[in-house]
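Undergrad: For reference, the structure I am asking about is given below.
The values are calculated or read from the model by the stated rules, or taken from the named source; none is laboratory data. Note that the structure is a prediction, hence the values are computed from the model and not measured. Note that we place each Cβ from the backbone using ideal geometry, even for glycine, and neighbour counts take in every protein chain shown. The area values use the complete protein model at the heavy-atom level, side chains included, leaving out ligands, DNA and RNA. Shrake-Rupley method; radii C 1.70, N 1.55, O 1.52, S 1.80 Å.
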Amino acid sequence: MSGESTRRLVWDLPLRLFHWGVVVCVAGAWATAELGVEWFAWHRRFGYSLLVLVAFRVAWGFVGPEHARFSSFVRGPRAVAAYLRGIASREPTQTVGHSPLGALAVLAMLALLAVQALTGLFANDAIFNSGPLYGYVSSALSDRLTSLHKGNFDWLLALIALHLAAIAFYALWKRVDLVRPMITGRKRAADLPPGAGVASQRLWLAVALVAIAALALWWVIETAPAASMSFF
């Protein structure tokens with residue numbers, strides 16, 4: 001047997017779309033911030049999309065397919081320590097879903113993404129533009145949240161760099177490809193325990209969760225008080 005018949009679905013389609021959606025949103029938000037104030041509307045759109053994606057992923061961590069659930073991959077300190085003890089070995093360390101170490105990276109990434117998107121709702125650029133919820137806070141608090149928004153992005157970039165370094169380490173040292181499964185959703189059946197895999201991707205539920213998150217964010221933004229900015 002060869003090809004896809006020797007592989008099993010591990011990463012469901014909604015999870016994969018979330019992953020690559022985050023890549024697009026973070027890159028887009030960074031680019032539009034660098035391009036100047038005339039791109040602020042697009043910066044906002046990328047931020048809104050990112051917030052919806054994070055809200056979806058948190059919910060998916062409880063109701064999604066098995067390997068998307070936090071309960072399937074978040075482990076305690078002992079499991080992380082045991083995994084670290086074998087990390088230097090060149091023997092491939094295949095896991096069905098996220099490894100204990102990868103789980104920490106997932107949680108950290110979600111936390112940083114949430115902080116980035118949420119603080120952006122209250123931030124300002126000290127020129128003409130502000131987040132849609134600027135009217136809920138004082139200008140002083142908005143300035144502090146803006147500083148957090150900028151500083152948190154540096155931490156986010158550092159974590160992304162660490163993530164890319166981990167992918168390279170697993171590919172070159174462990175001979176484990178982490179990228180292809182996140183594109184196709186499938187891993188080699190020979191590397192998985194018998195019966196491992198995703199039976200249902202719950203696409204309808206994913207669509208419903210994204211719609212709920214998007215509608216909730218739209219309502220919050222639409223009902224927010226108008227911003228009144230004064231920097232002089």
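Undergrad: Just to be sure, is residue 28 more than 25 Å from residue 164 (Cα to Cα) and surrounded by 18 or more Cβ atoms within 10 Å (Cβ to Cβ)?
TA: no
Undergrad: Filter the stretch 39-57 for residues that are touching a helix residue (DSSP H, G or I) at 6+ places or on another chain (Cβ under 7 Å) and among the aliphatic types (A, V, I, L, M); which is most open to solvent (accessible area, probe 1.4 Å)?
TA: Result: 55.
Undergrad: If a residue must be open to solvent by 40 Å² or more (accessible area, probe 1.4 Å) and of a type in the set (A, V, I, L, M), how many such residues does the stretch 88-107 contain?
TA: Final tally of qualifying residues: 5.
Undergrad: Now a separate question. Restricting attention to the stretch 109-143, and to residues there that are among the aliphatic types (A, V, I, L, M), more than 23 Å from residue 157 (Cα to Cα) and assigned to a loop (DSSP other than H, G, I, E, B), which single residue is most open to solvent (accessible area, probe 1.4 Å)?
TA: Result: 127.
Undergrad: Quick test of your reading of the structure: residue 16 fulfils all but one of (1) more than 21 Å from residue 160 (Cα to Cα); (2) open to solvent by less than 50 Å² (accessible area, probe 1.4 Å); (3) among the charged types (D, E, K, R). Name the failing condition by number.
TA: With respect to (1) more than 21 Å from residue 160 (Cα to Cα); (2) open to solvent by less than 50 Å² (accessible area, probe 1.4 Å); (3) among the charged types (D, E, K, R), residue 16 is out only on (1).
Undergrad: Of the residues 168, 158, which single one is under 30 Å from residue 115 (Cα atoms), under 16 Å from the mean Cα position of the chain (by Cα) and either among the aromatic types (Phe, Trp, Tyr) or surrounded by fewer than 15 Cβ atoms within 10 Å (Cβ to Cβ) (or both)?
TA: The conditions single out 158.
Undergrad: For residue 219, only one of the following conditions fails: (1) under 21 Å from residue 57 (Cβ atoms); (2) not in a helix (DSSP H, G or I). What is its number?
TA: (2)
Undergrad: Among the residues of the stretch 194-202, is there at least one that is touching a residue at least 60 places away in the same chain (Cβ under 8 Å) and assigned to a helix (DSSP H, G or I)?
TA: no
Undergrad: Find the residue count for the stretch 177-209, including only residues that are open to solvent by less than 60 Å² (accessible area, probe 1.4 Å) and out of contact with any strand residue (DSSP E or B) (no Cβ under 7 Å at 6 or more places or on another chain).
TA: Selection size over the stretch 177-209: 9.
Undergrad: Here is a list: 165, 103. Which entry is out of contact with any strand residue (DSSP E or B) (no Cβ under 8 Å at 6 or more places or on another chain), within 22 Å of residue 58 (Cβ to Cβ) and in a helix (DSSP H, G or I)?
TA: 103
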